[in-house]
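Student: First, the structure itself, so that you have it in front of you.
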């Protein structure tokens, strides 16, 4: 089965799986000091017990590209139970993939057992099973190191690094593809995308993040198979979108998604939205600012990002309904809830993010009120800084006058005398005062006259 699987690596020389190419330090140029202490300790501990152990996947790829990996995963020929027996702080997790988390202080190293492609065990329906579209529902067949290499997605992710010998093992010409900055699917691309349609999104994300070109045969089936993403759980799609937005190349990822036609299964509103120059500028600017923050090693809020992506839709709904009979508060909440629920048909946006997104949106009209005590109250908003950043983003995109953002920039940093001089005429909405009615011995309903009852109703409505 291995030979049949490898024979589907189209247009490429058949690799010798029993004799991987081994690159030593003078060839791979990996900085040993950049590897996490936890990953090294896991490999050393497993080696001491007679097992194989390698740093694998994206960490090796990034190290060879001179990038600092976020995570370091280890692959071994030891079973999960054997790995757990070697380390004092280790636990087995997962159903579909049984992995081991080994903990060293604040660091957790994920350890997987070498796995074979599911085709090797056709008779074992419990370990390998696919749906009618070819998507793998379960894939937990242990195998050899070479089998583990060929079951990975792209050749540049199928590299193994031995930190003790300082060697990179390459079974599938991944090093050549790395040097050529080329993303190549292992095996038949169509079959691999059918096994797991999320691989199409990974191709887009890695190509954008690494500035690689996608191999022609790897890219060819994507536009045709994009509808398979409809069969993927919405939670997985949201996780993959979040990886794109937080990759440091969010703008490039979105552009690559649109070029491949994959955005229609994640953010289907983009085509219509990008017909509006103002909306397009705002979204692109939000993504660019996110990339800048990540490059500067600053924190990024997923809620802020999603609020920026969806803001043009909220704004459009509010403008369309403005002037109707609904109170502004009801209008805003209907618009926000409508946008979020419509998007949840495609992405499982966690509801815990709703409150933050709505706070960012609802605060925007409050920035227009620059008289009386309203600016002071807005400064005390627990998320004022994020709301202000959102306003500045809108101003830079031309959604609101830059003068408004400049005013708030100066107001928040000014002393009290300067703030008072900056206040504009208070032309904001005024609350109706409740007038005290005369006591007439129980005249009106609940002791209030008709005018008093109406005044209290208005006051309560505005406070709500």
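Student: Checking residue 269 against (1) more than 28 Å from residue 203 (Cα to Cα); (2) modelled with pLDDT under 90: exactly one of these is not met. Which one?
Tutor: Status for residue 269: all satisfied but (1).
Student: Do you know which residues across region 190-205 are out of contact with any strand residue (DSSP E or B) (no Cβ under 7 Å at 6 or more places or on another chain) and in contact (Cβ under 8 Å) with a residue 60 or more places away in the chain?
Tutor: Across region 190-205, the qualifying residues are 191, 194, 197, 200, 201.
Student: Of the conditions (1) without any contact (Cβ under 8 Å) to a residue 40 or more places away in the chain; (2) within 22 Å of residue 266 (Cα to Cα); (3) surrounded by 16 or more Cβ atoms within 10 Å (Cβ to Cβ), residue 351 satisfies every one except a single condition; which number is it?
Tutor: Evaluating residue 351 over (1) without any contact (Cβ under 8 Å) to a residue 40 or more places away in the chain; (2) within 22 Å of residue 266 (Cα to Cα); (3) surrounded by 16 or more Cβ atoms within 10 Å (Cβ to Cβ) leaves (3) as the failure.
Student: Here's another thing I want to ask about it. Of the conditions (1) farther than 21 Å from residue 208 by Cβ; (2) within 18 Å of the chain's Cα centre (by Cα); (3) part of a loop (DSSP other than H, G, I, E, B), residue 354 fails just one. Which one is it?
Tutor: (3)
Student: Which number in (1) out of contact with any helix residue (DSSP H, G or I) (no Cβ under 6 Å at 6 or more places or on another chain); (2) crowded, with 20+ Cβ neighbours inside 10 Å marks the one condition that residue 233 misses?
Tutor: Of the numbered conditions (1) out of contact with any helix residue (DSSP H, G or I) (no Cβ under 6 Å at 6 or more places or on another chain); (2) crowded, with 20+ Cβ neighbours inside 10 Å, the odd one out for residue 233 is (2).
Yes/no matrix, rows are residues, columns are (1) surrounded by fewer than 16 Cβ atoms within 10 Å (Cβ to Cβ); (2) farther than 23 Å from residue 155 by Cα:
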site	(1), (2)
227	yes, yes
253	no, no
264	no, yes
271	yes, yes
285	no, yes
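Student: While we're here: Restricting to region 289-327, give me the number of residues that are loosely packed, with under 14 Cβ neighbours inside 10 Å, part of a helix (DSSP H, G or I) and either at positive phi or assigned by TED's automatic domain parsing to the domain that holds residue 360 (or both).
Tutor: Looking only at that region, the number is 2.
Student: Check 404, 378, 360 and return the single one that is within 21 Å of the chain's Cα centre (by Cα) and assigned to a helix (DSSP H, G or I).
Tutor: Within the list 404, 378, 360, the selection yields 360.
Student: When region 259-283 is examined, which residues are found to be touching a residue at least 40 places away in the same chain (Cβ under 8 Å) and under 18 Å from the mean Cα position of the chain (by Cα)?
Tutor: Those that are touching a residue at least 40 places away in the same chain (Cβ under 8 Å) and under 18 Å from the mean Cα position of the chain (by Cα): 262, 265, 266, 267, 268, 269.
The values are calculated or read from the model by the stated rules, or taken from the named source; none is laboratory data. If you're wondering where the values come from, they're calculated on a predicted model, not measured in any experiment. With ideal geometry, Cβ positions are generated from the backbone for all residues, glycine too; neighbour counts draw on all protein chains shown.
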